[in-house]
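Everything on this sheet refers to the single structure shown next.
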Amino acid sequence: MSLFVDLSGRTALITGASSGLGSRFGRILAANGAQVALGARRKDRLQALASEIGSEALAITIDVAREADIIAGFDAAERAFGPVDTVIANAGVDGAGMMTTISEEEIEHTLSINLKGAILTAREGARRMIANGVKNGRIVMVASITAFEPSPGLVAYAASKAGVVQAARSMAREWARAGICVNTISPGYIRTAINDEWFQTDLGRKQIARFPKRRLMGEEGLDGPVLFLCSDAAEFVTGTDFVLDDGQTL
């Protein structure tokens, strides 16, 4: 986390912040000067992370499938830090399962968290930015290389992430004149709590062996692009998807 991009004065709300990429985003934004509202369902983990970061962090319970939770999360962030001008919509579930056997409930859950939750988070962020007169708003939505790569066993997940990319482009156009930049990042495969079990299997190891560099990405590979997209330097970047995959799709 040695990179430095000046985010002083920025207030960010991050969903899915209790573990994995979300907790890293909270750490790197705070380390670069931002105040961070850390949202997720697991309050105990959030509180531990907020304590680790210090007074510039706030733990807030958010289930992104519930709009009321998202609204309450933004309310709490505003009470603590003032207007939110930066949003990272990161909350997600893997939705793994072969399409012939995955249940309707599992498909609905995946789409509800990954797509609907991301859209509702971005929408509430934009509503607040517009109402508060924020002219340099930043929204980063976390997609995936599965948004454009065929992904057997991850059909619901891939569909949700493809939806995130197109939703972000459409919202970027809708809010362009409000000064809100909306972009997505599409990470490659990174070992996280969601996929760790899979990559310890024989099939998972074979998948890694097929990548050009024969490795999983380190989550630190997202630091620079995320910091840039959350900063004033990204003023002229909106409606763009950044593929950050260590060449895995080559």
Practice item. Kindly identify the range 1-138 as rounded, prolate or oblate by the Cα gyration tensor criterion: order the square roots of the eigenvalues as a ≥ b ≥ c, call it rounded if a/c is under 1.5, otherwise compare a/b with b/c, prolate if a/b is larger, else oblate. Key: prolate
Exercise for review: State whether the range 27-86 is rounded, prolate or oblate according to the following rule on the C-alpha gyration tensor (a ≥ b ≥ c being the square roots of its eigenvalues): a/c under 1.5 gives rounded; otherwise a/b larger than b/c gives prolate, and the remaining case gives oblate.
Suggested key: oblate
**Study point:** Between 0 and 90°, nearest 10: helix 155-174 axis offset from the chain longest Cα axis
**Key:** 30 degrees
Point to revise | At R0 = 22 Å, FRET efficiency that the Cβ-Cβ distance of ARG45 and LEU250 yields, to 0.05 | key: 0.05
Review point. Could you give the angle, 0 to 90 degrees to the nearest 10, between helix 67-81's Cα long axis and the longest principal axis of the Cα atoms of the chain?
Key: 50 degrees
Review point. At 222 nm, what helix-only mean residue ellipticity would the chain give, in deg cm²/dmol to the nearest 500, using -39500 (n - 2.57) for each DSSP H run of four or more?
Key: -12000 deg cm²/dmol
**Study point:** Set of lysines with alpha-carbon distance to LYS43 below 27 Å, sequence-local pairs under 8 removed
**Key:** LYS116, LYS161
Exercise for review: Search the structure for amide H atoms under 5 Å from the amide H of THR240, placed 1.01 Å from N in the peptide plane, and list their residues when 5 or more places away or on another chain.
Suggested key: THR184
Check your understanding: Which peptide among 4-11, 138-145, 34-41 comes first, and what is the full order, when sorted by highest mean count of other Cβ atoms within 10 Å?
Key -> 34-41, 138-145, 4-11
Study note, to complete from the structure: Expressed in nanometres to one decimal, the distance between label points 7 Å along Cα→Cβ at MET98 and ARG173 is 3.9 nm
Exercise for review: Please report, as a whole percent, how much of the solvent-accessible surface of the range 93-139 comes from carbon and sulfur atoms (probe radius 1.4 Å).
Suggested key: 58 percent
Check your understanding: Which percent of Cα-Cα pairs in the chain sits in each 5 Å bin, short to long?
Key -> 1, 7, 14, 19, 21, 17, 11, 6, 3, 1, 0
Practice item. Restricting things to alpha carbons, tell me how big the range 175-250 is in terms of Rg and Dmax, in Å. Key: 15.6, 50
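The values are calculated or read from the model by the stated rules, or taken from the named source; none is laboratory data. Values in this document were obtained by computation on a predicted structure and should not be read as measured data. Cβ atoms come from the backbone with ideal geometry, glycine included; neighbour counts cover every protein chain shown. Note: accessible area is taken over every heavy atom of the protein model, side chains too, but ligands, DNA and RNA are not part of it. Shrake-Rupley method; radii C 1.70, N 1.55, O 1.52, S 1.80 Å.
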